[in-house]
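Participant: Take this structure, written in structure tokens, and hold onto it; I'll ask about it next.
Here, each number is a calculation from the coordinates, and none is a lab measurement. If you're wondering where the values come from, they're calculated on a predicted model, not measured in any experiment. As a convention, Cβ positions derive from the backbone with ideal geometry for all residues, glycine included, and neighbour counts pool all protein chains shown.
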Amino acid sequence: MARPARRPATLVLLVRHGQTPTTGRVLPGRAPGLHLSDDGRKQAEAAAARIARLKRVSAIYASPLERARETALPIARVRGLAVRIERGLLELDVGRWTGARLDKLGKKPEWATVQRYPSGFRFPDGESFVEMQARISDTLGRLVERHRGGVVVAVSHADPIKAALAHALGMHLDLFQRLAIAPASISTIAYGAGGPTVLGVNALGDGPVPS
């Protein structure tokens, strides 16, 4: 008796938004009105050029924040698709720390917990890292179910992408800060019958996107 054909894996391309005027200096959180810088727009175009080489893309999703939508637009343009807004791809809600300078936050005693024990930290009036990881993982699960066997582009933010990768790798959340996710980088996870497989992390430059 012939075995049933195995359904192909669903690929999710996790794209971090491009650089903004405050990248590396400020913790923007979910504050509205932050747009890509000139360099960020060039980074978004470069990511779009790489994704344009893929044979197929089923759908393009983006966090509602401007910097994510502006990164998704060039990708959507080269693929002839619309950008779908997905709130589950939102940045980590940092509550009262929104807009704070990173050099000042680094002097807070809580900052060591953020870096070394994030699973035990909740931002004041905001989200915990555990909640954020559950949110992004659930969101990607829904997108995979929606586009079985397809290729999905999901434009999000550094911490949610790192959390999704840690979940796929079976890495404890307390180690997720060891992952580097640069602006407009592409990380690829294949979701198959045997579970997720990480094909690429923090890919930049002109090389092919793992698929």
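Participant: L73: net charge of surrounding residues, Cβ under 14 Å, Lys/Arg +1, Asp/Glu -1, itself excluded?
Facilitator: +4
Participant: Still on this structure: Where both residues lie in the range 10-203, what percent of DSSP beta bridges are antiparallel, nearest 5?
Facilitator: Among the beta bridges of the range 10-203, antiparallel pairing accounts for roughly 55 percent.
Participant: Just the Cα atoms of the chain, one point each, no solvent: what log10 I(q)/I(0) does Debye give at q = 0.09, 0.11, 0.13, 0.14 Å⁻¹?
Facilitator: Scattering profile of the chain, log10 relative to I(0): -0.33, -0.50, -0.69, -0.80.
Participant: Provide L54, L65, L102 in ascending order of the number of other Cβ atoms located within 10 Å of each residue's Cβ, fewest first.
Facilitator: In increasing order of surrounding Cβ atoms, one gets L102, L54, L65.
Participant: What list of ³J(HN,Hα) couplings, whole Hz, do you get for the range 66-72 from phi and the Karplus terms 6.51, -1.76, 1.60, once you set θ to phi - 60° and write x for glycine and proline?
Facilitator: 3, 5, 6, 5, 5, 6, 6
Participant: Neighbour counts of other C-beta atoms within 10 Å: give me Y117, Y191, Y61 arranged from fewest to most.
Facilitator: Y117, Y191, Y61
Participant: Could you compute the longest span of the chain free of trypsin sites (Lys or Arg not before Pro) located in DSSP loops and having at most 14 other Cβ atoms within 10 Å, not counting the site residues?
Facilitator: On the way: sites that count: R6, R25, R53, K55, R56, K107, R148.
Counting only loop sites that pass the neighbour cut-off, the longest clear stretch is 149-211.
Participant: Right, next: Could you give me the percent of Cα pairs per 10 Å distance bin for the range 1-61, shortest bin first, beginning at zero and ending with the bin that holds the maximum distance?
Facilitator: Once binned at 10 Å, the Cα pair distances of the range 1-61 give 17, 35, 25, 13, 7, 4, 0.
Participant: Helix 38-51 versus the longest principal axis of the chain: what angle, 0 to 90°, nearest 10, using Cα atoms?
Facilitator: The two axes meet at around 20 degrees.
Participant: Still on this structure, please answer the following. Relative to the longest principal axis of the chain, what angle (0 to 90°, nearest 10) does the C-alpha long axis of helix 129-146 take?
Facilitator: Helix 129-146 sits roughly 20 degrees off the main axis of the chain.
Participant: Another question about this same structure. Mark the label point 7 Å from the Cα of H172 along Cα→Cβ and return the residues of the range 112-138 whose backbone N is within less than 19 Å of it.
Facilitator: Under 19 Å, as judged by backbone N against the label point of H172, lie 112-122, 129-134 of the range 112-138.
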